[in-house]
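Have a look at the structure below before the remarks.
The values are calculated or read from the model by the stated rules, or taken from the named source; none is laboratory data. Since the structure is predicted, the reported quantities are computational estimates derived from the model, not experimental observations. Cβ: placed from backbone, ideal geometry, glycine included. Neighbour counts: every protein chain shown.
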Amino acid sequence: MLSPMIATCEDTCVDSGSVRKFHDELMNGLHAVAQPLTILRAAMEMLSRSGAPGIDRKHYLEISTEQVVRACDLFSAVQDLVASNVTKAQHASFDLGEVLEPVIEAHAARMQARGVGLAVVRPEPWQKVTGDADRTEQAFRAMLNTALSLASHGDVIEIYTSRAAEFAEITVKHPQRHGKGLNSSDRLSLSLAEVNIVSQLGKYRCAPDPFCCWFALPIEKPVQPERGPFQVN
Amino acid sequence: MEIPPLCPFHEPEYYHGRCIGKSYLMLLPKNISLQSSDSNESGPESPQAVSGRVSPNVQSVSASNFEDPGPQAPADRGKTPPKINRNAGVSEQRKSRQVLIVEDDVSLAQFLRAELEHHHFRVETIHDGAEAAKALEQNRNYDLLILDLNLPTVDGIALMERIRPHYPRLPLLVLTARSRVEDRVHALERGADDCLAKPFSLSELMARVQALLRRNSGVIPNCSRVGDLILLREERRVERNGRRIDLTPREFAILEVMMRNAGRPVSRATLLEEVWNLGAEPSTNIVDVYMKYVRDKVDGPGERRLTHTIRGFGYELRDGDA
């Protein structure tokens, strides 16, 4: 399964280090997908024993449904990882707020349902940056998903935006030490975040515990009025 | 642009540059006590949902049924009492088997736990390699280790290499999503007893677990000897230098654990768990009381001392004072 993907990447990746990294990320992605598939296979096995006494069909059906959703999400992440590695990013101007706000809103509801708080420091107004809006959204979503997966009830996830020199910076942080390592799903999410930012010439950094993920995108340069050859000051 | 350090930044104004304006939104839970402490593991991958099945009634192995104890265990680990009643129920036998699952995926670990518990195993789950190493180093008596290779902090291979010298006979089943033959060979070479590639069949997992335990269950010989002290399990008979020693069932159980661990210190907690099936209970001196009974009977007047106290820890059975 990996070989065609790696071959495609070899055409687009600039050096063997990138190919190796892509290979590792894919391996990790496939490892992540194997988890729900294992549960799913076992649950289906139990469901198929319909005649056996003591089999709680509802329980295994619920498990199957959950794991199908989870497997689909992970497959989608692997697909995005491949796409981001083998296709070129766009470099267009977009409003950071228009991309990030809907993601924050969607996650705020999920976090509240899980008993996790969300603190956001927003800029007024949001910056216009140069890059790939879709990849930025994907990266930001992946960071928030990872922060949420590491959070416990009562924790607060923080999002900061700031500006440094020519870059708009976004930080997603879960300040409490969670003491857990990142599992393969988290690692897949962060690989996706990294490739989506780096491929559009952004900057990316991440530390796992306490979780802190940071990225920066170049702020769009204001358009200078063109001066004609006969313009008089 | 200089990339800022990943340090805590409680004051956002001072964090790499200035903030571009500031509006602060706090969405905090209304009632923190509503959710369980495991809530960090809930959501779409909720292990609670996965492990939500109500387990069937499980027979507990209490002190009173110790005289008909469960299965045998390997001589060098000393987990379960000796198998005396060969007609003991299957579920009772399995109940005394303790399995440690080291799997980073919480949902999968909880699912496997629920399934193994359903088959009357005692199961503990750990999601991190370093934590697992710690648990195993704390002289924990597991009958089987189910180990994922792709673990955070310390990976499965490194963990195997670390624990194998200390647990040479601990049955170790590796779970891996790496499907290549070389990966499985590598795991087996580094100390795994068996290897199962994900996604695996549950019935195959159960069969392999049973096979590993079965393979490992025949290693206790009927007869154990330390110096001139002999213990015959089937006959429930103890002799020293031709002198028959009469022991109560509890005293026999203590001595049997000590014989299985001859030459190694056995903690009070281990004796308490194995003989009385109780967890650590620092306030009780029941172990010391019974150990004195055993010592008085085993080390007769004029005989070389075989039972030794390890101060602050427990006891050791060994031939000689060294």
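Just name the residue that is surrounded by the fewest Cβ atoms within 10 Å (Cβ to Cβ) out of those in the range A:104-139 that are small (Gly, Ala, Ser) and in a strand (DSSP E or B). Within the range A:104-139, the match that is surrounded by the fewest Cβ atoms within 10 Å (Cβ to Cβ) is A:ALA119. In this entry, B:ASP228 is excluded by the filter for residues that are crowded, with 16+ Cβ neighbours inside 10 Å and either away from chain A (no Cβ under 14 Å) or over 30 Å from B:GLY263 (Cα atoms) (or both).
If you take the residues of the range A:66-103 that are among the polar types (S, T, N, Q) and within 14 Å of chain B (Cβ to nearest Cβ), which of them is surrounded by the fewest Cβ atoms within 10 Å (Cβ to Cβ)? Among those residues, the one meeting the criterion is A:SER76. Within the range A:182-203, the set of residues being touching a Cys at 6+ places or on another chain (Cβ under 8 Å) and not hydrophobic (A, V, I, L, M, F, W, C) comprises A:GLU194 only.
Restricted to the range B:105-155, and to residues there that are part of a loop (DSSP other than H, G, I, E, B) and away from chain A (no Cβ under 14 Å), the residue that is surrounded by the most Cβ atoms within 10 Å (Cβ to Cβ) is B:ASP143.
Could you check the range B:71-104 and list, in sequence order, the residues that are within 20 Å of B:SER203 (Cα to Cα) and either of a type outside the set (S, T, N, Q) or at pLDDT 95 or above (or both)? Matches in the range B:71-104: B:VAL90, B:ARG94, B:LYS95, B:ARG97, B:VAL99, B:LEU100, B:ILE101, B:VAL102, B:GLU103.
Only one entry in A:THR136, A:THR146 is touching an Asp or Glu at 6+ places or on another chain (Cβ under 8 Å) and either over 17 Å from A:ASP95 (Cβ atoms) or among the hydroxyl-bearing types (Ser, Thr, Tyr) (or both), namely A:THR146.
Taking the criterion of being over 30 Å from B:GLU103 (Cα atoms) and among the β-branched types (Val, Ile, Thr), the residues of the range A:172-225 that qualify are A:ILE197, A:VAL198, A:ILE219, A:VAL223.
One line per residue, one yes/no per condition, for (1) among the charged types (D, E, K, R); (2) surrounded by 24 or more Cβ atoms within 10 Å (Cβ to Cβ); (3) at the interface with another protein chain (Cβ under 7 Å from one of its Cβ atoms); (4) touching a Leu at 6+ places or on another chain (Cβ under 6 Å):
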| residue | (1), (2), (3), (4) |
| --- | --- |
| A:ILE157 | no, yes, no, yes |
| A:SER162 | no, yes, yes, no |
| A:GLU166 | yes, no, yes, no |
| A:THR171 | no, no, no, no |
| A:GLN176 | no, no, no, no |
| A:ASN183 | no, yes, yes, no |
| A:ASP186 | yes, no, no, no |
| A:GLU194 | yes, no, no, no |
| A:ILE197 | no, yes, no, no |
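Output yes when any residue across the range A:133-153 is closer than 24 Å to B:GLU131 by Cβ and touching a Leu at 6+ places or on another chain (Cβ under 7 Å), and no when none is. Yes: one or more hits.
Quick one: count up the residues across the range B:232-271 that are of a type in the set (Asp, Glu), closer than 22 Å to B:GLY312 by Cα and free of Cβ contacts under 8 Å to residues at least 60 places away in the same chain.
1
Of the residues making up the range A:149-167, those that are closer than 13 Å to A:ARG122 by Cβ and either more than 18 Å from the chain's Cα centre (by Cα) or not in a strand (DSSP E or B) (or both) number 2. Taken together, the residues in the range A:168-208 that are under 23 Å from A:VAL120 (Cα atoms) and not hydroxyl-bearing (Ser, Thr, Tyr) amount to 23.
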